[in-house]
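First up is the structure itself, then whatever we jot down about it.
The values are calculated or read from the model by the stated rules, or taken from the named source; none is laboratory data. Here the structure is a predicted model, which is why all the values come from computation and not from measurement. FYI the Cβ positions are ideal-geometry reconstructions off the backbone, even for glycines, and counts take in every protein chain you see. The protein model used for the area step is the full one, side chains on, heavy atoms only, and it has no ligands, DNA or RNA in it. Shrake-Rupley method; radii C 1.70, N 1.55, O 1.52, S 1.80 Å.
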Amino acid sequence: MQGTLDGTLEGTLEGYDLIGDVHGCGATLGSLLERLGYHQRGGVYRHPRRKVIFLGDLIDRGPRIRLAVTIARRMVEAGEAHIVMGNHEYNALAYCHHAPAGMGREWLREHTPRHNRIIRETLEQYRDYPQEWEEALAWFLEIPLCLELDGLRVVHACWDHSLVDDLRHDHPDGRIDEDFLAASVVPGTREFRILDRLTRGTHVQLPEGVQIQSGDGFTRRSFRAHFWARHPQTWGDVVFQPDNLPGDLERRELSDEERSRLSYYGPEQPPLFIGHYWCEGIPALPAANVACLDYSAVKLGRLVAYRWSGEQQLDANHFMWIRVPREEEARPQPWEIDFD
């Protein structure tokens, strides 16, 4: 990791503009950058005093995936932005990498109907640009799982202290390699635990026979749980998604096993920025030192940024966003089971 945790910014840098899950809304991303004061020079969006941090999930679902990847990649490679890996970049890497001999499968992420459906838009939009797709995949592998710099922390889904430390032990810059990628698809490995928690967060399984038909076109048998409740007692204390739990499940008590699997990020920790959780409505802070920037852009939601200038107490007035126009929404999809 780079930078310091003293809340100061070095040189002439005024701060970072953190941008949530783009999911192929490339034209909206360009509009948001311009609203934030970035302008293209030499094919790269630049700001004289600020840099961007992308929270991952550039790809899948939206109509301008190549544009979204191109904008972000050019900014990162020019030193105008940072980025962390989202679960969709990870999924693409595993989907497109052959499994090693003896694993019993052809691909690290098996090409099931569900997996095919998730990445279909991306593969279609890169179909006539195979070299560009190969270069994008190589770049995805260079993206770190988390960042810690200049007084803030960034991860796509969940900052778990012990797992971040475990990752840093062998990968100080937060970047994985192909061996790590291969091991990460095997449940129970440390690599699986690290990638699953940092890019997907924690899920709590619903009771047998209960499911959620969510607004993003999936039927879910679990719900996403947040990680900033100090002593959570019920499912309602940790649920973090726009879909309500069925019946009275919010009052259901967390079991000891469920509680033991939850991460915890305390209020004394540095500001943390996450994506992943497809929030809805006007952006708000779920905790005083946590900002979620995924506001369902590809579902006619908002592409959201937070303008951070070194403050350790986050301020909801620092959110900026653009409503995503209908031409950049995801295509309607059939209901499917999703655990990603």
Looking only at segment 1-24, and only at residues there that are modelled with pLDDT under 60 and under 24 Å from the mean Cα position of the chain (by Cα), the one that is least open to solvent (accessible area, probe 1.4 Å): Gly7
Would you call Gly43 surrounded by fewer than 15 Cβ atoms within 10 Å (Cβ to Cβ), farther than 18 Å from Arg323 by Cα and not hydroxyl-bearing (Ser, Thr, Tyr)? yes
Residue check, Ala101 against (1) open to solvent by 10 Å² or more (accessible area, probe 1.4 Å); (2) modelled with pLDDT of 95 or more, all met but one. Which one? (2)
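Quick check on this structure: which one of Arg331, Arg261, Arg307, Arg323 is under 26 Å from His88 (Cβ atoms), open to solvent by 50 Å² or more (accessible area, probe 1.4 Å) and modelled with pLDDT of 95 or more?
After ruling out the rest, the residue left standing is Arg307.
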Please go through segment 283-304 and give me each residue that is at pLDDT 95 or above and hydrophobic (A, V, I, L, M, F, W, C), ordered by number. Ala284, Leu285, Ala287, Ala288, Val290, Ala291, Cys292, Leu293, Leu303, Val304
Select from segment 134-147 the residues that are in a helix (DSSP H, G or I) and open to solvent by less than 20 Å² (accessible area, probe 1.4 Å) and list them in ascending order. Ala136, Leu137, Trp139, Phe140
Please work out which one of (1) more than 21 Å from the chain's Cα centre (by Cα); (2) open to solvent by less than 40 Å² (accessible area, probe 1.4 Å) is the condition Gln213 fails and give its number. (2)
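Of all residues in segment 164-217, how many are assigned to a helix (DSSP H, G or I) and hydroxyl-bearing (Ser, Thr, Tyr)?
Qualifying residue count, segment 164-217: 1.
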The listed residue being open to solvent by 40 Å² or more (accessible area, probe 1.4 Å) and modelled with pLDDT of 95 or more, out of Glu121, Glu110, Glu80: Glu110
